[in-house]
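Taking it in order: structure first as structure tokens, then the write-up.
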Amino acid sequence: MRLIVGLFLFVLAWGLSATFLYNHWQDKEGQQLEENVTVLAVTYRASIEMYRLATEILFEEMVLDDEVVETFARGVHSTGATRDRARGKLYRLLAPSYAQLKERGIRQMHFHTASGHSFLRFHAPDKCEDPLFEARPTVRLANTERREVSGFEAGKSVSGFRYVYPVFRGEEHLGSMETSVTFRSIREAMTDLDPRSEYVLVLRREQVEEILFDGKRSLYETSPLHDSFLVEDPRLLFFDSPPPPSATVRELDGPLSRLPRVQKGMAAGESFTVSQSTASGDWAVSFLPIRDILDRPAAYVVAYARAPFVAALRHEFYLNMGLLTLVLSAFTWFTRGLLRSGAKLQQEKQQLQTITDTIADGLYVMDVHGKINRVNPAFSELLGYRAEEVVGQVGHQRFHVHGDGIPRQHPAECPVFSAIERGQGYVGEELFRRKDGGLLTVEISCQLMRAEGVTIGAVAAFRDISERKANDERIRYLAQYDTLTNLPNRTLLLDRLQQAIAVAQREEEYFAILFLDVDNFKNINDSLGHLVGDQLLQQMAARLIDCVRGSDTVSRQGGDEFIIIVRQIRESADPVQISRKIFAAMALPFSIEGQELRVTASIGIALYPEDGLDSATLIKNADAAMYHAKKLGRNNYQFFTADLNASAHQRLVLENRLRCALENREFFLHYQPLVDLESGRIFGAEALLRWLHPELGLVPPEEFIPVAEECGLILPLGEWVIREACRQNKAWQDAGLPPVQVAVNLSPLQFRQQNLEAIITQALEESGLAATYLEIEITENLLMSSEDQTVPLLRRFKEMGLRISIDDFGIGYSSLSYLKHFPVDKLKIDRSFVRDVSSDPDDAAIASAIIAMAHRLRLKVLAEGVETIDQRNFLLREGCNEAQGFHYSRPLPAAEMAVLLRSGLPLPQTPVDPDLSPRADSSLLSSAPVVTP
């Protein structure tokens, strides 16, 4: 009976203890699993936040650019071909930015109208104008509530995280801009942050199927985890689909789908983690529910990670069960247990050592003096020290160091040892130095060891968080610095500008804003490529830093614009001195890829507090001063004045009126006759652009042409001039008038168009005009600026049959001997040399030299601005071939020009003395190409 009672009590005690240990094991495993899903949630949020920051930077620096907004506005307010052209221009403007986003994993960018229709998909430009409000809540909310909206959303093709920003032009709401990040990009970012896990996205079936394009339904299959969820594109038919899950994940999905916890949890939209064991080891599978912008369950991110702690806890449970059995057995067999207690204690020590050896975190045990008496293998693996190298050493003297890498020599400097002395534990981030000298950022937890209420030492566990810290620092850096030049970006500049304003207000100081823009930087990008342009900006950034003090700030705003904050100035001469240092630095050549480049810059200066009390006003006024410097010839600095505000406003008004004028067809052409100097016969006409505004009347070309060139409207204007000139010339010919050439001026911006040849070809084809009756005029500076690109294009124009002349010759920087390399037909002497040829010997000598040398190069010569009979007689005597000017006719409307052509009479001229016949050397033209048809 005693044996039975004893056995019963033994079994009862063992069962109760086993139940307690089992519940304790499950609780600890549950806590570890909960930590896994917390890590998954943090990793996911950090990834989408990183992409949000990248999108926000794009929106602030590029999408809010005036030209982008105006192009979007023009497209939104137009239809048909005009809307398509605006859509194409918007695509070209933001294509480089979109390429950069794709490199960073943001592969979709989308513009929508305020009414919720697709305006432009950069990732699918052929798809547009489809309504989005019903299927895309993010687009609906951003445009109806006019606020930034971000969140997960199922799409018509693919799902992803959407970032939608409303776009305004002033107070006008135009629509919105969206970037979408697919799960492939989010998965890559999450893997960078926590490479220990493999991530899979499953989508809730009802959220996806109701909005999918019919053609996209075949891209989705039922998830092996749950029938109510779908897997996106498992056969990798879409270009940015995530890679298929590994074989291990596929092996795990089968057993997971049979777990009630998985089925119930996913159906209820719960966040949870389950453990699963396979032949390859133990796994922790975390399920993070994703809700869409309307707070509806939309998807799950599932993370598969190895879980060594499961085995450790299992081993711990089995160990504890063994210990429990041993303890109960020892209690039952007390006497026998006393005799064998030494062996059992040794066994426990070995088992405890096994536990510490399997822990992934570094572990070391100290006495009350801080001397280490035990370490685990993870300690040696993380720090590189063997156990015998640190046992008996003080940690803060050996590997626990300051931020500068110097060991903490005094105990009071060590937060871990100080906590032990105070009888407290310690948790925090510290810096450890490896045996090889490398520094390691660790998260450390230290707990005291006590015996009978007395502290006898402490045990410290630590883990390496260097990679996590580095990722955090990288994200912060990308948010505040320009990646090309490593200068502060606009975000950091505004922060420092606010600080400068606060200090200046408190200390009654002054500071200056220098707004710098590189002159003609676009020419460098167009002719030498963006790689050279980027290297030039990097070298310029280094030189700008050398020109300022350590307390000043040099920032890049994007493109070729830099803003400099000059702190603590005493007088207005201080920013002038820095500007001159900058000009001196810019004057030195830049050596890039074996060639030397010379560039200049224009600087606008605004002073605090005279020119503004807030950041936006100071930057705006410095920008206005910079544009004024460019108008004054570039390569100079200008202070902001109140008049510049009015000038900038007038320019903006004129630019807006120009845009309206193009749409309202307020432009027309006048034609100034081109005559044979000797006979007075009309052989052609120059097309001259005119603008009749309904309120302003006739606006002089010298007022609106420069504005059109600056804002880019010269391109559609120039295209219209070419088409209209060809159409009108063909109309004159169809009316039976004598065929003549029509000359059209091309601006440098037009000439650099990639499709200029196609525009001219289409204009000729649409009008039916033969190419020989169209003459294009270019400036000599344009001719010389990009020879490698200019010569092939001019030769193709010659092959088409076009005539080519050099306009305003003599005021540029070309040499006549160099002209023999270019396929041109004619030189037009600038009117500044013609005006005083009959009274100024210098002008007469210049005109005579141009005519003589041009004839030797077998080129025709036309004199511009001929207004008097004396000018005509001098030019005729020197052998000039052709002329135009008020002496013959003012520029005429097309109808009056037709009357003049129909008369067939030479234009009025005065009898010429026999001595005024052309010089003998003009006979060199006898075999030159004929200019007139």
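The values are calculated or read from the model by the stated rules, or taken from the named source; none is laboratory data. Everything numeric in this text was worked out from a predicted model, so none of it was measured. Note that each Cβ is placed from the backbone with ideal geometry, even for glycine, and that neighbours are counted across all protein chains shown. Areas reflect the complete protein model, heavy atoms only, side chains present, ligands, DNA and RNA absent. Shrake-Rupley method; radii C 1.70, N 1.55, O 1.52, S 1.80 Å.
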Check: Tell me, what ³J(HN,Hα) does each residue in the range 463-470 have, in order and in whole Hz, if you take phi through Karplus 6.51 cos²θ - 1.76 cosθ + 1.60 with θ = phi - 60° and put x for Gly and Pro?
Finding: 9, 7, 10, 4, 5, 5, 5, 5
Checklist line | Peptide ranges 117-123, 322-328 listed from the most packed, as the mean C-beta count within 10 angstrom indicates | finding: 117-123, 322-328
Next item on the list: Mind pulling the per residue volume of the convex hull built on the Cα atoms of the range 527-604? Å³ is fine.
Entry: 91 Å³
Item checked: Hz values of 3J(HN,Hα) by residue in the range 273-285 - Karplus curve (6.51, -1.76, 1.60), Gly and Pro given as x -> 9, 10, 9, 8, 10, 10, 5, 8, x, 9, 10, 10, 10
Notebook entry, point to check: Based on the alpha-carbon gyration tensor of the range 653-903, what equivalent-ellipsoid semi-axes (square roots of 5 times the eigenvalues) come out, in whole Å, largest first?
Noted result: 27, 22, 20
Next item on the list: Please report, to one decimal in angstroms, the Kirkwood hydrodynamic radius of the range 244-341 built from all distinct Cα-Cα pairs.
Entry: 16.6 Å
Checklist line | Pairs of Cα atoms farther than 19 Å apart, the range 486-640, % | finding: 51 percent
Check: Which part of the range 48-77 falls in the paramagnetic zone of Gln100, meaning amide N under 13 Å from the point 7 Å along Cα-to-beta-carbon?
Finding: 54-65
Check: Which FRET efficiency, nearest 0.05, do His402 and Tyr477 yield, Cβ-Cβ r, R0 41 Å?
Finding: 0.95
Notebook entry, point to check: Residues with amide H under 5 Å of Thr600's amide H, sequence separation 5 or more or different chain, H placed in the peptide plane at 1.01 Å from N; which?
Noted result: Asp519
Item checked: Principal axis dimensions, the range 359-470 - Cα atoms, whole angstrom, descending -> 42, 26, 24
Checklist line | Alpha carbon Rg of the range 62-152, scaled by the compact-globule rule 2.2 N^0.38 Å | finding: 1.06
Notebook entry, point to check: Taking every pair of alpha-carbon atoms in the range 414-466, what share in percent sits in each 10 Å bin, from 0 to the bin with the longest distance?
Noted result: 25, 45, 24, 6, 0
Checklist line | Kirkwood Rh in Å, taken over the range 185-312 so that all alpha-carbon pairs contribute | finding: 15.4 Å
Margin query: Beyond 18 Å, how much of the Cα-Cα pair distribution for the range 106-240 remains, as a whole percent?
Written below: 58 percent
Next item on the list: Could I have the simple spin-label model distance between Ala247 and Asp534, label points 7 Å from Cα toward Cβ, reported in nm to one decimal?
Entry: 4.0 nm
Checklist line | Portion, in percent, of the accessible area of the range 486-640 that falls on carbon or sulfur, probe 1.4 Å | finding: 48 percent
Check: Based solely on its DSSP helices, what 222 nm [θ] is calculated for the chain when runs of n ≥ 4 H residues each add -39,500 (n - 2.57) and the sum is averaged over all residues, nearest 500 deg cm²/dmol?
Finding: -14500 deg cm²/dmol
Next item on the list: Report the calculated FRET efficiency for Ser466 and Glu571 (r = Cβ-Cβ distance, R0 = 56 Å), to the nearest 0.05.
Entry: 0.70
Next item on the list: Please express the Cα-Cα pair-distance distribution P(r) of the range 494-570 as a list of whole percents, one per 10 Å bin, running from 0 to the bin with the greatest distance.
Entry: 17, 43, 25, 12, 3
Margin query: Could you work out how much longer the chain between Arg450 and Glu35 gets when fully extended? Use 0.36 nm per residue separation minus the Cα distance between them, nm to one decimal.
Written below: 146.5 nm
Notebook entry, point to check: Per residue, how many Å² of accessible area does the range 16-106 show with a 1.4 Å probe?
Noted result: 51 Å²
Checklist line | Added length on full extension, which subtracts the Cα-Cα distance from 0.36 nm per residue, Gln762 to Glu129 | finding: 225.1 nm
Item checked: Over 12 Å [Cα-Cα, the range 706-763], rounded percent -> 68 percent
Next item on the list: Could you pull out the pairs from Lys102/Lys522; Lys522/Lys620; Lys89/Lys620; Lys102/Lys630; Lys344/Lys371 whose alpha carbons sit more than 32 Å apart here?
Entry: Lys102/Lys630
Check: So what are the range 580-707's ellipsoid semi-axes, whole angstrom, largest first, if each one is the square root of 5 times an eigenvalue of the alpha-carbon gyration tensor?
Finding: 39, 26, 12
Next item on the list: Determine, from the Cβ-Cβ distance of Leu259 and Glu443 and an R0 of 30 Å, the FRET efficiency 1/(1 + (r/R0)^6), rounded to the nearest 0.05.
Entry: 0.40
Margin query: Please list log₁₀ I(q)/I(0) at q = 0.14, 0.17, 0.18 Å⁻¹ for the range 702-809, using the Debye equation with identical point scatterers on the alpha-carbon positions.
Written below: -0.56, -0.82, -0.91
Note to self: In whole percent, and with a 1.4 Å probe on the protein chains, what portion of the accessible area of the range 185-312 is carbon and sulfur?
What the structure shows: 54 percent
Check: What is the P(r) of the range 29-181, as percent of Cα-Cα pairs per 10 Å bin from 0?
Finding: 11, 41, 32, 9, 5, 2, 0
Next item on the list: Among (i) 93.3; (ii) 42.5; (iii) 54.4, find the value of mean projected area of the Cα convex hull in nm² that was calculated from the structure presented, and write down its label.
Entry: (iii)
Next item on the list: Return the inverse of the average 1/r over all pairs of distinct C-alpha atoms in the range 1-119, which is the Kirkwood hydrodynamic radius, in Å to one decimal.
Entry: 20.0 Å
Next item on the list: Determine the share of the range 658-816's accessible area contributed by carbon and sulfur atoms, expressed in whole percent, with a 1.4 angstrom probe.
Entry: 50 percent
